[in-house]
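Single-structure report; data block below.
The values are calculated or read from the model by the stated rules, or taken from the named source; none is laboratory data. Only a predicted model underlies this, so the values are computations on that prediction, with no experimental measurement involved. When we count neighbours, we look across all protein chains shown, and the Cβ atoms used for this are built from the backbone with ideal geometry, even at glycine. Side chains are part of the model used for accessible areas, which takes the heavy atoms of the whole protein and leaves out ligands, DNA and RNA. Shrake-Rupley method; radii C 1.70, N 1.55, O 1.52, S 1.80 Å.
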Amino acid sequence: MDSRFKACIEEGKLVKGAVQNDLIAKELSAADLDLKSAQVSLRGDNPKWATVQAYYSMFHVAKALVLSKGYREKSHYCLSIALKALFVDESILEAKHFEHFRDCMNLRQDADYGLIYSDKSAEEVVRWAGEFLSEAKKILK
């Protein structure tokens with residue numbers, strides 16, 4: 001077991017529980033809505049919000065995946081650790097999706113807290129969010 005994953009469990013930032021299919025469906029629905037909002041923001045020449053919304057789409061996708069393994073997150077960081085441990089390390093999800101999620105997390109922080117963003121990075125993260133959602137739907141069928 002990855003030491004960071006274990007630490008997240010010990011710190012109570014990842015909690016093991018029952019798989020709740022209704023909650024997984026709700027997270028995927030939220031991811032879809034946030035992706036659509038990101039696409040609208042991108043077309044509306046609002047790269048900051050497109051970046052933030054694309055991240056939250058990816059966040060909800062990651063939550064749905066981790067929930068499908070019976071874990072609830074209480075930290076964005078531990079969510080990323082769980083995604084890697086439960087899906088990438090187990091060869092269920094390509095590493096690029098984890099890397100895109102991690103990179104998008106950083107880009108969202110830059111956009112929100114540093115007001116640093118660009119049209120190019122917004123286009124990229126919106127594309128990543130769509131790919132991640134599509135891949136998660138295949139995994140969760």
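Taking the Cα centroid of the range 33-80 and of the range 1-17, what is the distance between the two, rounded to the nearest whole Å?
A separation of 21 Å, based on Cα centres.
Looking at the calculated P(r) for the range 5-88, what percent of the C-alpha pair distances fall above 17 Å?
Here the long-distance tail beyond 17 Å is 49 percent of all Cα pairs in the range 5-88.
Could you give the angle, 0 to 90 degrees to the nearest 10, between helix 119-140's Cα long axis and the longest principal axis of the Cα atoms of the chain?
30
Are there trypsin sites (Lys or Arg not before Pro) in the range 50-138 that DSSP marks as loop and that have at most 16 other Cβ atoms within 10 Å, and which are they?
Those that pass, being in a loop and sparsely packed, are 69, 74.
Output the Kirkwood hydrodynamic radius of the chain, Cα pairs only, in Å rounded to one decimal.
That comes to 15.0 Å for the chain.
Using the 4.7 Å Cβ rule, please list in number order the cysteines from the chain without any candidate partner.
By the Cβ distance rule, which asks for a partner under 4.7 Å, the isolated cysteines are 104.
Out of 116, 24, 81, any idea which swings most in a Gaussian network model of the chain, alpha carbons joined below 10 Å?
For the chain, modelled as a Gaussian network with Cα springs under 10 Å, the answer is 116.
Report in % the part of the accessible area of the chain that belongs to carbon and sulfur, leaving out ligands and nucleic acids; probe 1.4 Å.
Here it works out to 49 percent.
Could you calculate the contour length gain from residue 118 to residue 69, that is, 0.36 nm times the residue separation minus the distance between their Cα atoms, to one decimal place in nm?
Full extension from residue 118 to residue 69 adds 14.1 nm.
Say the cut-off is 27 Å between C-alpha atoms; which of 69/96; 6/48; 26/120; 74/137; 48/69; 13/120 go over it?
6/48; 26/120; 48/69; 13/120
Return the distance in nm (one decimal) between the two label points of a simple spin-label model at residue 134 and residue 7, each offset 7 Å from Cα along Cα→Cβ.
Once both label points are built, they end up 3.5 nm from each other.
Give the range of the longest stretch in the chain that excludes all GluC sites (Glu not before Pro) found in loop regions by DSSP and having at most 11 other beta-carbon atoms within 10 Å.
12-89
Considering only protein heavy atoms, what per residue accessible area in square angstrom results for the chain with a 1.4 angstrom probe?
Each residue of the chain exposes 53 Å² on average to a 1.4 Å probe.
Find the relative contact order for the chain and round it to a whole percent, using C-alpha pairs within less than 8 Å whose residues are 6+ positions apart.
32
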